[in-house]
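The block underneath contains the structure these notes are about, expressed in structure tokens.
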Amino acid sequence: MAKMKLSKSTFTLIPEGVTTFKVMEVDDSKYSDFGKIAVKLQTVKGETHTERFSLIYSNGELNEGALRAWSYFARACLGNYQADEIDTQDIVGCYVTATVKHETFIRTKGDHAGEKGTSVRLEDYATATRFPKSAKNDDLPFKDDSADEAMNAPEDVDDNDLDDFLND
């Protein structure tokens, strides 16, 4: 029998509750052909989440619900709820606050079919200009000047609500 050192596991689910994210990357390489956009988000603790938007159904029709969700998300990132058009890369470096919810499901495909899984869903996007005041740059897995600036800045408040936007 041999003893082996195991790699450090870094995967954890982002805890439920209100969380501020920084947009790290937007992958729009499948947008032209398939209408897909993937947005990589990161928390102040370095946890990552990829928000995916499928704007076109497989039959080629526009997915109006996904377009409304993407539009609201992009406007919340930019802090501009009047924007009519953006370059998808415009939101890189922006901050957005969302409510994190966990959803359990039964896997239907692959080696783990039939097993229980948990996914993260983001709801109620709101504009943010930086990580919360409690974030210190020394605690970040990446350099972010906004964390230091946030220590002396007031909290942002945003009354825009996704449900109100989608029901208009």
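Data table
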quantity: Any hit, region 55-74, residues being in a strand (DSSP E or B) and more than 15 Å from LYS40 (Cα to Cα); calculated: yes
quantity: Some residue of region 48-62 being among the β-branched types (Val, Ile, Thr), buried (at least 17 other Cβ atoms within 10 Å of the Cβ) and within 16 Å of the chain's Cα centre (by Cα); calculated: no
quantity: Some residue of region 29-51 being touching a Cys at 6+ places or on another chain (Cβ under 9 Å) and in a loop (DSSP other than H, G, I, E, B); calculated: no
quantity: Residue in region 69-110 that is farthest from LEU122 (Cα to Cα), counting only those that are surrounded by 15 or more Cβ atoms within 10 Å (Cβ to Cβ) and among the charged types (D, E, K, R); calculated: ASP90
quantity: Breaking point among (1) assigned to a helix (DSSP H, G or I); (2) modelled with pLDDT of 95 or more, for ALA126; calculated: (1)
quantity: Every pair of residues 6+ apart whose Cβ atoms lie under 9 Å, when the first sits in region 57-68 and is under 22 Å from GLU123 (Cα atoms) while the second is open to solvent by less than 80 Å² (accessible area, probe 1.4 Å) and of a type in the set (Ser, Thr, Tyr); calculated: ASN63/SER54; ALA66/SER54
quantity: Single condition ALA135 does not satisfy, out of (1) under 15 Å from THR20 (Cβ atoms); (2) surrounded by 14 or more Cβ atoms within 10 Å (Cβ to Cβ); (3) modelled with pLDDT of 95 or more; calculated: (3)
quantity: Test: residue in region 27-39 that is surrounded by 16 or more Cβ atoms within 10 Å (Cβ to Cβ), within 16 Å of the chain's Cα centre (by Cα) and closer than 18 Å to LEU13 by Cα; calculated: yes
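The values are calculated or read from the model by the stated rules, or taken from the named source; none is laboratory data. These figures come from a predicted structure and were not determined experimentally. All Cβ positions, even for glycine, are placed from backbone atoms using ideal geometry, and neighbour counts span all protein chains on display. Accessible surface is based on the protein model in full, side chains and every heavy atom, while ligands, DNA and RNA are left aside. Shrake-Rupley method; radii C 1.70, N 1.55, O 1.52, S 1.80 Å.
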